[in-house]
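Written out below as structure tokens is the structure these notes cover.
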Amino acid sequence: MSGVPLAIGTGCAKKEAVADKSMALMVVSDLDGTLLDHGDYSFDPVLPILDRMDEAGIPLVVNTSKTRAEWLAMRGDFGNEDPFIVENGSALCDGGDCEVFGTPREEILETLKPLRAKYRFKGYSDATIAEIMEWTGLGRQSAERSADRHYSEPLVWQDSEENEEEFCQLLEERGLTTLRGGRFLHVLGQTDKGKPLAYFRKGEAAIIALGDRPNDLAMLKAADIGVVIASPDGFVLEAEDVLRSTETGPRGWAEVMTQILDQLNIPQSTNG
Ligand SMILES: [Mg+2]
């Protein structure tokens, strides 16, 4: 393969991996705080880039902690029909089919059952839609979509920090993984946002991945080019061999993607 090395800024040690115009590209992106503004969920800055990618035949694979129902309700706004990855790497969906990398939720709930006697927590499965609305600040329909989970269970932890550590350890011994989010402790199978990317490696595409939080690290690592999007709250994601945006959220996304597409000589959108 005679790839033209991509060198943007100074910190891109994976530059040998990528790529020239003849090589297929794929963009894999987190949603919240990356493609969507963390505060108001806006995404206007990315739309011209999505047009440009569309015309060049570069797919956008959304890789989110959200559910399938949540992304299906949103993706029309992005004009996106590409495959997508949901529930933190638990399933890769394409059309009506899903390739599962995680653990079915029923199994997760079975594993949690005996632990309820020892630890205090409340999960989505114990909650009414009204409670989920209260926890998340979502409206009813969005809360229903968020509750439509197949491979993970978000918990509100009501016990001590010490017990939380012990609980996570026990779940790990039982073949599950826990992820600490802002509001919830997420319980899922042995997967992460990077695992489904191996599936695409059967193809020949070079992967550009963009994310902003620790649950994106596995995805950034599995990509040919990892991009860290700056956070408005000043949080800095520690990662090696990545590109970094200076602007935050969708503006940062557009900033770095413009650099990359320019560098690879991908033509501007004619829809400009
Ligand atoms: Mg995020």
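What the table below lists for this structure:
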quantity	calculated
Enclosed volume per residue, in Å³, of the convex hull spanned by Cα atoms of the chain	136 Å³
Folded to 0 to 90 degrees: helix 47-56 orientation relative to the chain principal axis, Cα	60 degrees
Reachable aspartates and glutamates from Lys195, criterion Cα separation under 13 angstrom, eight or more residues apart if same chain	Glu87, Glu99, Asp216
Pairs from Lys66/Lys122; Lys113/Lys202; Lys118/Lys193; Lys122/Lys221; Lys118/Lys221; Lys113/Lys221 whose Cα-Cα separation, in the structure shown, is over 29 Å	Lys113/Lys202; Lys118/Lys193; Lys122/Lys221; Lys118/Lys221; Lys113/Lys221
Whole-Å distance, taken between Cα centres, linking the stretch 94-108 and the stretch 147-179	19 Å
For the stretch 83-99, Karplus couplings with θ = phi - 60° (6.51, -1.76, 1.60), whole Hz, Gly/Pro x	x, 8, 10, 10, 6, 6, x, 7, 8, 9, 10, 9, x, x, 9, 10, 8
Order of Ser142, Ser29 - criterion: other Cβ atoms within 10 Å of each residue's Cβ, fewest first	Ser142, Ser29
Percentage relative contact order, the chain, counting C-alpha pairs under 8 Å, at least six apart	26 percent
Distant-in-sequence amide H partners of Leu155 (H built 1.01 Å from N, under 5 Å)	Leu185, His186, Val187
Crossing angle, helix 249-263 versus the chain [Cα axis fit, 0-90 degrees, rounded to tens]	30 degrees
Nearest-0.05 FRET efficiency for Gln268 and Asp159, computed from C-beta distance (R0 41 Å)	0.15
Cα gyration tensor shape of the stretch 105-188, rounded if a/c is under 1.5, else prolate or oblate by comparing a/b with b/c	prolate
Total formal charge among the other residues, if their Cβ is under 12 angstrom from that of Lys113, Lys/Arg +1 and Asp/Glu -1	-2
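None of the figures in this text is laboratory data; all of them are computed from the coordinates on show. As the structure is a computational prediction, the values presented were derived from the model and not from experiment. Neighbour counts are summed over all protein chains in view; Cβ atoms, including those assigned to glycine, are modelled from backbone coordinates with ideal geometry.
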